[in-house]
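Enquirer: I have a structure I would like to understand better, so I am pasting it below and will then ask my questions one at a time.
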Amino acid sequence: MIKPSTIFTGDNLPILRGMDSASVDLIYLDPPFNSNRHYSAPIGSKAAGAEFKDTWTLEDTDDAWWGELADAHPALYRVIDAAGASGGKGDKAYCIYMAVRLLEMHRVLKSTGSLYLHCDPTMSHALKLLLDAIFGARNFINEITWKRYAVHSLATTGFDTVSDILLFFSKNKKEISFTNVFSSRDNAEMKKQFPLVEPETKRRFQHVALEQSSNQSSAFETRIIQGKRVVSDLGWRWTQQTFDKRLAKNPHLIYWTRTGRPRYKLYADQYKGKPVGNIWTDIAYLSTGNAERLGYPTQKPLKLLQRIVQASSNKGDVVLDPFCGCATACLAAESLQRQWIGIDISPKAFELINVRLKKELGGIFSQVIHRTDIPARIGGKRSKDIKHILFGKQEGLCNGCRSAFEFRNFEIDHIVPKDAGGADDDHNLQLLCGWCNRKKGKRSMEYLKAELIRDGILSK
């Protein structure tokens, strides 16, 4: 098990493969967008040295990934093939890169867990189909639109793109852990919404009708309210029992109009805010002069991540960001008393999370662990008679050279090497003849196949 408050630096695929199944409650990822741009932090900024390219070719992917998808995930394979046919090799490469990682993210999520994938319109359509294929379309929850900018009149051939997209999926919609969140309002807005002040308590309030035509069943009934007998032509929202109970709890609850009609008070200090929908316009993008900004390319506001963490996790839950960058999701998790794990290709991530935690939380935070190794997954199970099962499944053929051998000549091999995060369970095991097994060693199957083709044992 991985200890909380850990930053891994390195390729996230083997690290994800080394994580235990069903060990994470919430995943937020802000991966490259396939934007055909190169990002780097300015010299002199706290994030200086952090950079990544966002241009994709098939050379950026391992051919073994494509083979794995074709064999084990035919629906996903077809989605990626369609992306390549419509968008070209760059889109296909990007989808392959994302698919093998999203499969691992799905595996490490608990059944109550959720995933938020942050993207923009460049590849959101393809990423939605990838997630549909992996999580199941029935487990799609929302497409959230976050307004990043005001319209700045730079577009000349269409409307300005001022928003990002968050694709929100559950591991299992029937078991999802979710808490409604509410938008906050500033003092001026609160004073406008709650314009009156209760003299006895100084609490701000607004007043709401107790009589309404939708309650015709109680029309012309009498209520005794603060010693007054009142009859309603419309009907009452509350029974006499409810009046007595609420007034016993708060004797100042009733507001009397100038015409002597009773209404009840809604207090500002009990107001949660407006329920948040799937269009988020109340969280501003980090401008150049914003104190929160580190100079990190693609940095997102802390409030954005806190909203996600608050909605889809509980105190003590584990939050994972596999593309953590300057670790905003990790900081959001820490500030809301969640456990967290971050992964990033750049060693700068470990440095930045320490800087940010100290700045935001005043030094009162968990000790951050930095790891560059690949975790060893526990709980993997292999069948007792796995060698016989594989022998029958492979029809007596070596999975490398495709030659037939007697049972005793086969050796069990990990398809994805354990050193690369491969599991020690049935789905990651195969039989190779002794020669192929030694040829492959701790390398990938693609390496073995390339060697067999070079030696003339296999054809292309």
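The values are calculated or read from the model by the stated rules, or taken from the named source; none is laboratory data. Please read all numbers here as calculations on a predicted model, not as lab measurements. Methodologically, a virtual Cβ is constructed for each residue, glycine included, from the backbone with ideal geometry; neighbour enumeration extends over all protein chains shown. Note: areas computed on protein heavy atoms with side chains; ligands, DNA, RNA excluded. Shrake-Rupley method; radii C 1.70, N 1.55, O 1.52, S 1.80 Å.
Enquirer: In terms of modelled amide H atoms, which long-range or inter-chain residues lie less than 5 Å from the amide H of L429?
Expert: Amide H neighbours of L429, under 5 Å, 5+ apart: I415.
Enquirer: Any idea what angle helix 74-87 forms with the longest principal axis of the chain, computed on alpha-carbon atoms, 0 to 90 degrees, nearest 10?
Expert: Tilt of helix 74-87: around 90 degrees.
Enquirer: Oh, and also: Which percent, nearest 5, of DSSP beta bridges in the chain are antiparallel? Each step should come with its number before you reach the end.
Expert: Details: 39 of 59 bridges.
So the antiparallel bridges in the chain amount to around 65 percent.
Enquirer: How large, in percent, is the carbon and sulfur part of the accessible surface of the range 72-201 at a probe radius of 1.4 Å?
Expert: Values: 3430 of 6470 Å².
Result for the range 72-201: 53 percent of the exposed heavy-atom area is carbon or sulfur.
Enquirer: On to the next question. When the C-alpha atoms of the chain are aligned to their principal axes, what extent does each axis show, in angstrom, from largest down?
Expert: Over the chain, Cα extents along the principal axes are 99, 54, 49 Å.
Enquirer: Principal axis lengths of the range 223-354 from Cα atoms, whole Å, largest first?
Expert: 73, 32, 23
Enquirer: Which number comes out as Rg/Rh for the range 174-234 once both Rg and the Kirkwood Rh are worked out on C-alpha atoms?
Expert: On the way: Rg = 18.5 Å, Rh = 15.8 Å.
Checking Rg against Rh, the ratio lands at 1.17.
Enquirer: Let's test the formula: R0 of 45 Å, r as the Cβ-Cβ distance of M190 and T157. What FRET efficiency results, to the nearest 0.05? Write out the running numbers ahead of the final one.
Expert: Numbers: r = 43 Å, r/R0 = 0.95.
Once rounded, the FRET efficiency stands at 0.60.
Enquirer: Of the listed pairs K3/K315; K191/K272; K171/K272; K110/K387; K192/K228, which have alpha-carbon separations greater than 20 Å here? Walk me through the numbers on the way to the answer.
Expert: Numbers: K3/K315 16 Å; K191/K272 15 Å; K171/K272 28 Å; K110/K387 30 Å; K192/K228 31 Å.
The pairs that break the limit, which is 20 Å between Cα atoms, are K171/K272; K110/K387; K192/K228.
Enquirer: A follow-up question, please. Tell me, in nm to one decimal, what length is gained between L458 and F178 on full extension, where the rule is 0.36 nm per residue of separation less the Cα-Cα distance? Mind dumping the intermediate values first?
Expert: Working: separation 280, 0.36 × 280 = 100.80 nm, distance 5.18 nm.
So the extension gain works out to 95.6 nm.
Enquirer: Right, another one. As I understand it, the dipole of the chain uses +1 on the Cβ of Lys and Arg and -1 on the Cβ of Asp and Glu, about the Cα centre. Which of L115, N215, V181 lies farthest toward its positive end?
Expert: Towards the positive end, the residue furthest out is N215.
Enquirer: Take the Cβ-Cβ distance between Q367 and K147 as r, set R0 to 45 Å, and report the resulting FRET efficiency rounded to the nearest 0.05.
Expert: Working: r = 37 Å, r/R0 = 0.82.
In this case the efficiency is close to 0.75.
Enquirer: Once you compute Rg and the Kirkwood Rh from C-alpha atoms, what is the Rg to Rh ratio for the range 254-314?
Expert: Details: Rg = 19.7 Å, Rh = 15.7 Å.
Radius of gyration relative to Kirkwood radius: 1.26.
Enquirer: Now for a different question. First measure r as the distance between the Cβ atoms of Q270 and S213, then evaluate 1/(1 + (r/R0)^6) with R0 = 30 Å and state the FRET efficiency to the nearest 0.05. Don't skip to the answer; put the middle values down first.
Expert: Working: r = 27 Å, r/R0 = 0.89.
Once the sixth-power term is evaluated, E becomes 0.65.
Enquirer: So if the hydrodynamic radius of the range 407-446 is defined as the Kirkwood radius over C-alpha pairs, what does Stokes-Einstein give as its diffusion coefficient at 4 °C and 1.567 mPa s, in µm² per second?
Expert: On the way: Rh = 10.2 Å.
Stokes-Einstein gives a translational diffusion coefficient of 127 µm²/s.
Enquirer: Work out, step by step, the length gained on full extension between D81 and E406: first 0.36 nm times the residue separation, then minus their alpha carbon distance; give nm to one decimal.
Expert: Values: separation 325, 0.36 × 325 = 117.00 nm, distance 3.79 nm.
The span from D81 to E406 would gain 113.2 nm if fully extended.
Enquirer: Another question about this same structure. Which one, I386, I457, M98, is farthest towards the positive end of the dipole of the chain when Lys and Arg carry +1 and Asp and Glu -1 on their Cβ?
Expert: So the residue we want is M98.
Enquirer: Another question about this same structure. Give the accessible surface of the range 120-165 per residue, rounded to a whole number of Å², with probe radius 1.4 Å and ligands, DNA and RNA excluded. Please list the in-between numbers first.
Expert: On the way: 2550 Å² over 46 residues.
So the range 120-165 comes to 56 Å² accessible per residue, rounded to a whole number.
Enquirer: At 222 nm, what value in deg cm²/dmol follows for the chain if DSSP H runs of at least 4 each add -39500 (n - 2.57) and the sum is divided by all its residues, to the nearest 500? Mind showing how you got there, number by number?
Expert: Working: 13 runs with 137 residues, N = 460.
So the helix-based figure for the chain works out to -9000 deg cm²/dmol.
Enquirer: Separate question: Rg/Rh for the range 295-405: what does it come to with C-alpha atoms and Rh from Kirkwood? Numbers along the way, then the final one.
Expert: Details: Rg = 21.4 Å, Rh = 17.1 Å.
Answer for the range 295-405: 1.25.
Enquirer: So, in Å, what gap is there between the alpha-carbon centers of the range 256-270 and the range 211-236?
Expert: So the two Cα centres are separated by 15 Å.
Enquirer: Report Rg (one decimal) and Dmax (nearest whole number) for the range 105-202, counting Cα atoms only, units Å.
Expert: Radius of gyration, then largest Cα-Cα span, for the range 105-202: 19.9, 61 Å.
Enquirer: Measure out, as a whole number of angstrom, how far apart the alpha-carbon centroids of the range 433-460 and the range 386-404 sit.
Expert: About 15 Å separates the Cα centre of the range 433-460 from the one of the range 386-404.
Enquirer: Going highest first, how would you order 250-261, 338-349 by mean Cβ packing within 10 Å? Walk me through the numbers before you get to the answer.
Expert: On the way: 250-261: 12.3, 338-349: 23.2.
Ranking the peptides 250-261, 338-349 by packing returns 338-349, 250-261.
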